[in-house]
1. Separation of region 82-114 and region 420-476 by C-alpha centroid, Å?
2. Ordering K204, K568, K343 by how much accessible area each has at a 1.4 Å probe, largest first, what is the list?
3. Report, by chain and number, residues whose modeled amide H sits under 5 Å from the one on L302, excluding near sequence neighbours (fewer than 5 apart, same chain).
4. Quick one: what are the phi-derived ³J(HN,Hα) couplings along region 361-367, Karplus 6.51/-1.76/1.60 with θ = phi - 60°, whole Hz, x for glycine and proline?
5. Quote the accessible area belonging to E555 in square angstrom, nearest 10, computed with a 1.4 Å probe and with ligands, DNA and RNA left uncounted.
6. How much net charge surrounds L272 when only other residues with a Cβ under 13 Å from its Cβ are counted (Lys, Arg +1; Asp, Glu -1)?
7. Quick one: pull the percent of accessible area on the chain belonging to carbon and sulfur, 1.4 Å probe, ligands and nucleic acids left out.
8. Would you calculate the separation in nanometres between label points at E390 and A551, each defined as 7 Å from the Cα along the Cα-to-beta-carbon direction?
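The values are calculated or read from the model by the stated rules, or taken from the named source; none is laboratory data. Since this is a predicted model, take the numbers as computed values, not measurements. Here the Cβ is made from the backbone with ideal geometry for all residues, glycine too, and neighbour counts use every protein chain on show. SASA here: full protein model, heavy atoms, side chains in, ligands and nucleic acids out. Shrake-Rupley method; radii C 1.70, N 1.55, O 1.52, S 1.80 Å.
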Amino acid sequence: MPRLLLPLIAFVLLLPARAAAADATLVSRDVPLGGQRVLASAAAPARFNLVGLHWRGSGTVQFRTRSLTGRWSGWADAAPEAEDQPDSGTAERARSRSWRLGNPWWVGPSNRIEYRLRGTVERLRAFFVWSPPASVPARTLQAAGMPAIVPRRGWSADESIRRAGPSYASAVRFAVVHHTAGKNGYSAAESPAIVRAIQLYHVKGNGWNDIGYNFLVDRFGQVFEGRFGGIDRDVVGAHAEGFNTGSVGVAVLGEYSSLAVAGSARDALARLLAWRLDLAHVDPGSTLSFISGGNARFGAGLPVFLRAVSGHRDTGFTDCPGTALYKLLGAIAGDVGQIGLPKLYAPAVTGSVPGTIRFRARLSAVLPWVVDVYDASGNSVASSSGLGSEVDWSWDASVYPPGTYTYAIRSEDDVTPAVGPIGGGAVTLTVAGLASDPETLSPNGDGVADAATVTYTLTSPANVTVKVRDELGAELATVSRAWRRAGEHAVRFDPNALPDGIYHLEVVAAATGGRQAVASTQVAVTRTLGGVQAAPTAFSPNSDGRADRIAFRFELAGAADVRVRILKEGKWVATPFVGPLDQGVRTIRWDGTKRFGRLLDGAYEAVVEATDTVATARIAVPFNADTRQPSVRILRRSPLEVWVSEPSRLIFRFGTRSLVHDAPAAGAARLPNAPRLGIVRVVAWDAAGNRSIPKSKR
């Protein structure tokens, strides 16, 4: 329950060490608040080097970690940059909207963590990443004018965990500089491991499509490719809520609130920005007015004054990129402006065919320039040239037929040319990737599948309306109506007011030039299945008479054909029940028997499926099979101290007197109030009902 002031909560990780894995691994666990018992299935790893925290409530969370050498760190705020996240309205943001997200903190090899909570904190979840340093030097990409960049394969990005393809902006208009979080004393070999750990936390912990930053720079001057989609393309990141579309996000590894920025990091940042802003034809010394997509500081639609090289604190309530780094941004922008000259800035094309087309741009010096226009077949249809620092030419296209035309504004060979389409109407408007998650909804108030997240992608900005239609096509309701930028978007669909049945969610997009696009997907609403539970959540199918069976309970609002399946990592292993059942609360009991013997120890899911006249509803619940005995040892008789191999209930006997103690984690436990004389006997029981061998000591 909520607390106004919570005391220190200690969470100790004392599992045996294991050999380093080639890939980064992530383990999450809910942290018990107010003495809740930690289950063995929630055990954390014995070592970790990056931590990220999620919590619910208006309070704050601090933490500290202990290194493998036994040294405790200082206390750190879990979320110093709360607006390092995707834009509101996107599917990435929707996956974690009910949680407050802490930044990924690189803590170095550690095995213990402590939490300090203040204010209202209703729930706390910890994510632990172990990312081993790279054993092979990372290769880099480099071309003319481009800094050496470690590609994703160079830091062993896990491409299999990406949730969706990249989204692209129509242009990059400015850069946002960040710092990450955590220790600054990392080694050059650890830098790829840090980037890999951040990707794993952003995707598996936060639910984002990929790592949030477009690029990352370490203190040694190494530059890493971030979000997938192409280093020279306008990939929309998840680094500055409300300002992701149209920006490039660069994060310097480390924390720079007070610590100085290494000269090699500053130089690498300047070289990277010089190259990337040159591709976008952005003058690093310029300013702009940018329309916010919406965050806690700047509401949606609000114009915000920014510099071409801005810090994250310019776009939201945050101290990022730290005072030390933020103070350098003006000087860094000056350095960026001097690297790689000459350059072409701010190309602009207005008008449409037929009509008058005006081409404008600015050069960093007095230079010769050329403007060429091409038709859809690539044939040159118009051209002009001049000498100066300003490009300004109007093309009389009144006699040309409508169609697709492109342009190129060029100067000397070492100047990056500006190319693009003429007349934005040439961009086709489509609604792609429309999907509902889940596709079958059961709005019965049990907290499972009560609502859906509808995702889709626009290829062009448009006014979007999401409608609900019945099977005959009649419009029943409007879910959402709003203007949306090009890219991926998400809308919440609540079917509570609809009766059971089959429906169609229709997305209608309307853009400039009379362009329209429509997409539709089918959803089913059925309240037949609800209240699915597994009890107990851990059982011991070893025929010893203790917790040998597990019960799957659920409620049917009407008669249905029911199937209960057991899955291990998504693969079918057993089917405890198949058959018709009538309305009411039902219980399926299972002893762990499957086709080829009994269930092996491990984590499983029970999937309950109920098929009625409308659709098949599916709800999965986790459980664990555990037949292993816990181990217990008496380390000291007085004061009494014991060691247990896993979270267990300890039962002590002192002659005719008994004492019960719950050990929430593996390791040593002290009982200072235990009797000091006589023989003590102890037995450990784990959550699955397994009993240890009794131990005694005088």
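1. Here the two parts' Cα centres lie 26 Å apart.
2. Descending order: K204, K568, K343.
3. Here the answer is S292, since their amide H atoms fall under 5 Å of that of L302.
4. In residue order, the calculated couplings are 6, 9, 9, 6, 7, 6, 9 Hz.
5. 100 Å²
6. Spelling it out: positives minus negatives among the neighbours equals -3.
7. With neighbouring chains kept in place, the figure for the chain is 51 percent.
8. Simple spin-label model gives 8.4 nm for this pair.
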